[in-house]
Amino acid sequence: MIISILPFQSKIYSKVHQKFDRYEYGAIETFSQAMINIQNILSINISSQKVFELGSGIGLIHPLYFSIFFDSVTSIDVD
Amino acid sequence: MVANISVEKLNNFGDACFDENLLERLDITYISNFKITDFSSMKVKYDVFYSNNTLEHIPPADIKRILLESKRILNPGSIHLHRIDFSDHFSHIDQSISSCHCLKYSDTSHNLIAGNQFAYHNRLIVNDFIGIFESSGYKIIILEKNIDLVALRLLDSGFKLHERFASYKKEDLATQDVVFVAQIIS
């Protein structure tokens, strides 16, 4: 399943990595796998979902990736 | 999976410039200084409520408030999806300690080094989170545990836990991170 996120590596990872130094590759793998599970179990197409992101340990980078999976994303800081 | 990724957005990202318009182009709204009480004034409804490596840094009482308040902005059938990192975060940079190292300390001792806004860690165990979700009206429908076998061996060989953690199963204490999905039931 991890191969399904190759676009991240080839097209996006290098650009993000140039800009930020806190990128956590494993989180994307985990996220991708979780999305697959949700689609399979709940029979929903996640690409048309609206997402509210409570927070991410890797900061603002993550919602950028979410935008590829989801219809729209709202992200907040948790103080 | 690839077929469900927005090809248009992926192409946009491939040539992404990190300028002030990037979030707008990718349809991301970024809000800072958000308060729990702000949920009540939000007009948009969501399908997924997500966090990554975040819930372990929020006090238990506030997690419950977030779970209850988040129902205001979720459509029927919506899901919560969270990845939680239970490991001692100091072990990420200190190879001499294990992922369960922080479980040896009392709350008072742990707060001496982690009781601040930068390093706060609630040290809840996976079952604690399940309990908070279930008592807040959610049902866990997916739970993927990642057990740290090094930590499990340490615990099996007599690692001295603080009494706060003495009643937990070793497999739960050695759970390094989880991804889980929950649905609203009430």
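The values are calculated or read from the model by the stated rules, or taken from the named source; none is laboratory data. Everything numeric here is computed off the predicted structure, so don't read it as measured data. For neighbour counting, all protein chains shown are included, and Cβ atoms are generated from backbone atoms with ideal geometry for every residue, glycine included.
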### Query
Give me the pairs: first residue in segment B:150-162 and surrounded by 10 or more Cβ atoms within 10 Å (Cβ to Cβ), second residue assigned to a helix (DSSP H, G or I) and among the acidic types (Asp, Glu), beta-carbon distance under 7 Å, and six or more apart or on different chains, which are they?
B:LEU152/B:GLU171
### Query
Can you name the residue in segment B:25-55 that is more than 8 Å from chain A (Cβ to nearest Cβ) and in a loop (DSSP other than H, G, I, E, B) and is also surrounded by the most Cβ atoms within 10 Å (Cβ to Cβ) among such residues?
B:MET42
## Note on the structure
Out of (1) more than 29 Å from B:ASN146 (Cβ to Cβ); (2) modelled with pLDDT of 90 or more; (3) touching a strand residue (DSSP E or B) at 6+ places or on another chain (Cβ under 6 Å), the one B:THR108 does not meet is (3)
